[in-house]
Amino acid sequence: MSLREVLKRLDKSGDLLHVKRPVSTRFEIPAILKKLDPRPVLFHEVKEAPGFELLGNLCADRRIIAGCLGISEKDLPRKLLEAIENPRRGEVVENPPCQEVVIDDPDLRKLPLLVFGERDGGPYLTAGIVIAYDREYGFNASYHRLMLLDERRLVARILPRHLDEFIKRGARKIAITIGNHPAFMLASAVSWKMGISELDIASALKPIRYAKTIDGELLIPADCEVVLEGRVTDELADEGPFIDVTGTYDIVRRQRVVEVERITMRRDPIFQQILPAGSEHRLLMSLPREAVIYMEISKICEVVDVRLTPGGCNWLHCAISIRKRSDDDPRRVIEAAFKAHRSLKHVVVVDEDVDLSNPVEVEWAIATRSQLDRDLVLKPGEYGSSLDPSADQVTRKTCKAGLDATIPLKADRGKFLKAKIPGEDEIDVRDYVG
Ligand SMILES: [Mn+2]
């Protein structure tokens, strides 16, 4: 399953937009992606990077991601959970398309890295997925934004997760894969248990073919577009400032330098970028987390839906609808949600009749079903997200809060339910007006 097959399908459905006139990597491409978000856009001619096409906003819409996986939108969390729980080894092939061209004296400045915002620390690669290997834990794949330093070096933002652990255990070789099928993109956004490979989660979502890197040390998706082979060094450099998922600027940090030793690619490569704070960035971060939160709270009670809500950057705020059996359920759900997603700041639990895809309905439930002195759980001094500018972004200290906005079981339910006009669902207004 390759990105190219996906683009053909998106062309047929009319979802893919084409930009034929030459465009610049500096502000122009990001601005177009932002204006057209969540539509996928293929730029055919990049002024600063002849020979490359550039794709953005590929996974910016739940409907498109679900379509690429051959499922319906509402099955996304369950399908992803299934893949996490039943990973599958992919086939390994020789002579992969991503190695049609091999460049042993790479110059990273020739790639369509983008300058997204005015205060950016440098040109960035945002859709690069880093693959690393550990003898005990196997292959890991994860996203790391990479800022250009010079022709051979990038600085990588590496959070204290699996890749960081691999590096501490001695892993140095990495392959950065660019231009992938949404199944591989979504799987690589999963941060689950060390030893459960994102490569295998991807294959469980859709059959993905893998191939060895030129040096033979790592596996990469055979049908991807571009691969940067290199190694993580002990050298540190300033990373940032850069726009993060909140849409605000993240702080500058000393981060590890990556040295690129080789570039391999297709003869007519399609490069890929993710717009920071755009729908694609947010969905890739939130979908795997929603799946994990769903799994954890399913152990407590019947879950109807879980959403990391758009107003909360699809990351900091979570709305959960449950079919509750006991008045203790919401509090236990709140605690479990915080355990499942450590960056979570506010969580609201509502009843099954509230539609989580509509933020107005969630606020309506808060307005009509909660009393804060009784229903609020306040958790000051917790360890939270590094992305929230109102928290301490270095120590990550923050105040978390959970809210039970469910109807008390002993209450008169009739007072809380939405009044319906008989026949309102069935009526077709086109029978009455214009
Ligand atoms: Mn991992």
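For this structure, a couple of remarks:
- Val102 satisfies every condition listed in (1) within 16 Å of the ligand (Cβ to nearest atom); (2) surrounded by fewer than 20 Cβ atoms within 10 Å (Cβ to Cβ) except (1).
- Segment 169-179, residues that are within 14 Å of the ligand (Cβ to nearest atom) and exposed (fewer than 15 other Cβ atoms within 10 Å of the Cβ): Arg169
- For Thr246, the conditions (1) among the hydroxyl-bearing types (Ser, Thr, Tyr); (2) surrounded by fewer than 24 Cβ atoms within 10 Å (Cβ to Cβ); (3) out of contact with any Leu (no Cβ under 7 Å at 6 or more places or on another chain) all hold with the exception of (3).
- Exactly one residue out of Pro77, Pro123, Pro106, Pro160 is closer than 30 Å to Pro241 by Cα and either of a type in the set (D, E, K, R) or modelled with pLDDT under 95 (or both): that is Pro160.
- Taking the numbered list (1) free of Cβ contacts under 8 Å to residues at least 40 places away in the same chain; (2) closer than 17 Å to Gly278 by Cα; (3) surrounded by 15 or more Cβ atoms within 10 Å (Cβ to Cβ) in turn, Leu55 passes all entries but (1).
- Some residue of segment 63-77 being hydrophobic (A, V, I, L, M, F, W, C), over 28 Å from Trp192 (Cβ atoms) and in a helix (DSSP H, G or I): no
- Matching residues in segment 180-232 - criterion: being charged (D, E, K, R) and either away from the ligand (no atom under 14 Å from the Cβ) or surrounded by fewer than 24 Cβ atoms within 10 Å (Cβ to Cβ) (or both): Lys193, Asp200, Lys206, Arg209, Lys212, Asp215, Glu217, Asp223, Glu225, Glu229, Arg231
- Where Glu280 falls short, out of the listed (1) assigned to a loop (DSSP other than H, G, I, E, B); (2) closer than 24 Å to Gly117 by Cβ: (1)
- Of all residues in segment 135-146, those satisfying the criterion of being part of a strand (DSSP E or B) and more than 10 Å from the ligand (Cβ to nearest atom) are Tyr143, Leu146.
- Condition check for Ala411: farther than 30 Å from Gln255 by Cβ and surrounded by 10 or more Cβ atoms within 10 Å (Cβ to Cβ): yes
The values are calculated or read from the model by the stated rules, or taken from the named source; none is laboratory data. Everything numeric in this text was worked out from a predicted model, so none of it was measured. Counting neighbours? That spans all protein chains shown, and the Cβs are built from the backbone with ideal geometry, glycine included.
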